[in-house]
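Student: Structure in structure tokens, see below.
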Amino acid sequence: MTVTKQVEIIIDGRKIRVPQGTTILKAAAMLEIRIPTLCHHEELSPSGSCRLCIVEISNPSQNPDRSWIDSACVCPASEGLNIKTHSPRVLKERKLIIELLLSRAPDSQQIMKLALENGITKPRFTAADEGKSNCILCGLCMRVCNELIKAEAIGFSGRGIKKEVVSPFKIAGDLCIGCKACEAVCPTGVINFKIENKKLRKQDWGVALEMIFCPDCGQPVGTSVQMEQLKEKITITDELLSCCPACRRKKNYSVRTVLHRTAKGLSDVSDYNRLTSKETG
Ligand code: SF4
Ligand code: FES
């Protein structure tokens, strides 16, 4: 059995021992120190793309005069690091990052809230500077699609301000199952699926999938392709599967499902993973 070495670090003046390699973000969370994040999700691999979680790091035993800035979500803890999450340098650089994110995604409620919390009332940069698209290119949508749903239905295309999230080769494909996990995790709210003419649609990704509606109350339940996949993973009758969660509960069916997914939170994603990776009664 491999024993992971423990290291001691200091975060905002408080000592903590953690297994070597634990991210600074995780170590800070153990101390209940909040570091803001946008591109991080507990169940997905870290990408370090939004830079919002920057912290100031030094290693006094090696060089007391040097400190550097790094993203807490990807930076591993190593012996003797001294980390400041809210130093003047961090706050100044984080403010600039938020201004840039805001110019790229000016309609995002979450980024607007961050801006206000950080004293930004009027951003210095305009949408034209950063290429307004309301997408901050954090890649969360792709990571959830690849790593949890395993559909690999979307990816980045283009460069610079023309970079965007697209379906493969920007054409309609059959990879998307319409689970809407991407919509649930997107921090800017720019991904919007719509139900039109009994189909779940996302026009720019070429998605048009047949929807199943609850036979009891008429609520949308999920796409037929999503149902087919779930049927292979869980034990459930067709009748119960086609019901919405509320009507299913009335029939005393106890398993929580994500079939009726609104943008209601990230726990849906783990539920989906649980259901798609295990036999659940
Ligand atoms: S669409 Fe949303 S989740 Fe995907 S990269 Fe853009 S901001 Fe991130
Ligand atoms: S949360 Fe760490 S870089 Fe985005």
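Bear in mind that the values in this text are calculations on the coordinates, not laboratory data. All values reported here derive from a predicted model rather than from experimental measurement. Counting neighbours? That spans all protein chains shown, and the Cβs are built from the backbone with ideal geometry, glycine included.
Student: Short version: ³J(HN,Hα) in whole Hz for each residue of the range 168-175, in order, from phi by Karplus 6.51 cos²θ - 1.76 cosθ + 1.60 (θ = phi - 60°), x for Gly and Pro, what are they?
Tutor: Karplus-based 3J(HN,Hα) across the range 168-175 equals x, 6, 6, 10, 5, x, 10, 7 Hz.
Student: In whole Å, how far is the Cα centre of the range 158-232 from that of the range 42-56?
Tutor: Cα centroid of the range 158-232 versus Cα centroid of the range 42-56: 26 Å apart.
Student: I've got another one for you. Check Ile11: other-chain or 5+ apart residues with amide H under 5 Å from its amide H, H built from backbone geometry?
Tutor: Long-range HN contacts for Ile11: Ile16, Ile83.
Student: Here's something else I'd like to know. By how many nm would the segment from Ile171 to Leu96 grow when fully extended, if each residue of separation counts as 0.36 nm and the alpha-carbon distance is taken off?
Tutor: Extra length available between Ile171 and Leu96 comes to 23.4 nm.
Student: Sort Arg51, Arg14 by Cβ crowding within 10 Å, fewest neighbours at the top.
Tutor: Going from sparsest to densest Cβ surroundings: Arg14, Arg51.
Student: Given the rule -39500 (n - 2.57) for each run of at least 4 DSSP H residues, summed and divided by the residues of the chain, what is its mean residue ellipticity at 222 nm, to the nearest 500 deg cm²/dmol?
Tutor: -7000 deg cm²/dmol
Student: Once fully extended, how much extra length lies between Phe156 and Gln62, figured as 0.36 nm per residue of separation less the alpha-carbon to alpha-carbon distance?
Tutor: This chain segment gains 29.8 nm when fully extended.
Student: Return the single residue from Gln109, Gln226, Gln62 with maximal mean-square fluctuation; model: Gaussian network over the chain, springs between Cα atoms under 10 Å.
Tutor: Among Gln109, Gln226, Gln62, the largest GNM mean-square fluctuation belongs to Gln62.
Student: Here is a further query. Using amide H atoms built 1.01 Å from N in the peptide plane, name the residues 5+ places from Thr23, or on other chains, whose amide H lies under 5 Å from its own.
Tutor: Here the answer is Ala77, since their amide H atoms fall under 5 Å of that of Thr23.
Student: Would you kindly derive the ³J(HN,Hα) couplings of the range 205-210 from the backbone phi angles with the Karplus curve 6.51 cos²θ - 1.76 cosθ + 1.60 (θ = phi - 60°), listing them in order in whole Hz, with x for Gly and Pro?
Tutor: Karplus-based 3J(HN,Hα) across the range 205-210 equals 9, x, 8, 8, 10, 4 Hz.
Student: Which value in nm describes the separation of the simple spin-label points at Arg89 and Asp204, placed 7 Å from the Cα toward the beta carbon?
Tutor: Simple spin-label model gives 3.8 nm for this pair.
Student: Give the long-range amide H neighbours of Asp107: residues separated by 5 or more places, or on another chain, with amide H under 5 Å away, using H modelled in the peptide plane at 1.01 Å from N.
Tutor: Hits under the 5 Å cutoff: none.
Student: Extending each Cα 7 Å along its Cβ direction at Phe213 and Val3, get the distance between those two points in nm, one decimal.
Tutor: 6.4 nm
Student: Could I ask something else about it? Subtract the Cα-Cα distance of Val190 and Glu147 from 0.36 nm times their separation in residues, and report this length gain in nm to one decimal.
Tutor: Fully extending the segment from Val190 to Glu147 adds 13.4 nm.
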